[in-house]
1. So how compact is the chain: Cα radius of gyration and Dmax in angstrom?
2. For residue 9 and residue 89 in one chain, what is 0.36 nm times their gap in residues minus the Cα-Cα distance, to one decimal in nm?
3. Normalise the Cα radius of gyration of the stretch 1-54 by 2.2 N^0.38 Å (N = residues in it) and let me know the number.
4. Between residue 97 and residue 69, what FRET efficiency comes out of the Förster formula 1/(1 + (r/R0)^6) with R0 = 30 Å and r the beta carbon distance, rounded to 0.05?
5. Among 42, 99, which comes first, then next, by fewest other beta-carbon atoms within 10 Å?
6. Mind sorting 94, 73, 38 by how few other Cβ atoms lie within 10 Å of their own Cβ, fewest first?
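Rule-based calculations on the coordinates, nothing more; no lab input. This one's a predicted model, so the numbers in the text were calculated from it and none came from an experiment. Heads up, the Cβs are rebuilt from the backbone with ideal geometry, glycines too, and the neighbour counts pull from every protein chain shown.
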């Protein structure tokens with residue numbers, strides 16, 4: 001079963017921008033309540049997409065340069081990448097079914 005992986009600025013290029021699959025990057029922080037609510041939803045979606053979509057997590061407190069580069073103003077923010085380019089963005093908590101609709105629209 002697929003699980004989200006933790007990515008930092010050193011691994012971002014290889015794990016996200018150069019990935020052969022679409023990648024959903026969760027910009028989050030430990031102290032963020034909505035981020036903690038989002039974590040099990042992302043775990044479920046990673047299992048549902050079962051290797052067809054990669055899920056990554058970026059801690060904004062530990063990777064401020066990445067958060068700044070992608071204009072992350074509030075968290076959680078999910079940025080969807082395909083072929084190294086941003087193709088979608090979801091800001092704030094979203095229930096699984098709504099989030100799945102957004103992901104499907106962005107990656108297909």
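1. Here Rg and the maximum Cα pair distance are 12.3, 33 Å.
2. Numbers: separation 80, 0.36 × 80 = 28.80 nm, distance 1.92 nm.
Net length gain for the segment: 26.9 nm.
3. Output field value: 1.16.
4. Numbers: r = 31 Å, r/R0 = 1.02.
Efficiency, rounded to the nearest 0.05: 0.45.
5. Values: 42 22, 99 19.
Going from least to most buried by this count: 99, 42.
6. On the way: 94 18, 73 9, 38 24.
Final ranking by Cβ density, sparse to dense: 73, 94, 38.
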